[in-house]
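Heads up: the structure comes next, in structure tokens.
FYI, it's all coordinate maths here, none of it is from the lab. Just so it is clear, the model here is predicted, and its values are computed rather than measured. Cβ: placed from backbone, ideal geometry, glycine included. Neighbour counts: every protein chain shown.
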Amino acid sequence: MKKSRWARWAFFFLFAWACWINLRTASISPGDYMGYAELTPIGFYKDFIGGWFKDNITTMVSVIAIGQGLIALGFLGKGLMVKLACLGAILFFLGIAPLGIGAGFPVPIIGIITAYFILKKDDLEWIWK
């Protein structure tokens, strides 16, 4: 199996797991997300988390989780589905990178490079082929 295929499987499981965890956490204990404000070195992110996000945690995290689920499904597909999943993953990782250690930095950078690698090296066929 090609390395890019392994990466797609890994991203499928990563984003599917993140979708489930975020949907569950957002509905059971949404306040858990407030801790990310203390972990980010970026003032704008601290202000956003302590402001609008604080009042809309469940909605915002649920929308993010649905996006993560769609990204996961895209990695199973072929052609345009995989390209959109890669783009979604890159945008997601760009969005969480400023959270610093809260996003497991430098993992988002590695994720961006991996998604780009998939775009360039994978044949974009169904993942199980």
(message) Would you confirm, using the coordinates I've provided, whether Ile49 is of a type in the set (Val, Ile, Thr), free of Cβ contacts under 8 Å to residues at least 24 places away in the same chain and either exposed (fewer than 13 other Cβ atoms within 10 Å of the Cβ) or assigned to a helix (DSSP H, G or I) (or both)?
(response) yes
(message) Between Ile57, Ile42, Ile66, Ile96, which is touching a residue at least 12 places away in the same chain (Cβ under 8 Å), touching a Pro at 6+ places or on another chain (Cβ under 6 Å), surrounded by fewer than 18 Cβ atoms within 10 Å (Cβ to Cβ) and farther than 18 Å from Leu124 by Cα?
(response) Ile42
(request) Give region 16-46 a look and list any residue that's of a type in the set (Val, Ile, Thr) and assigned to a helix (DSSP H, G or I), or say none. (result) Ile21, Thr25, Ile28
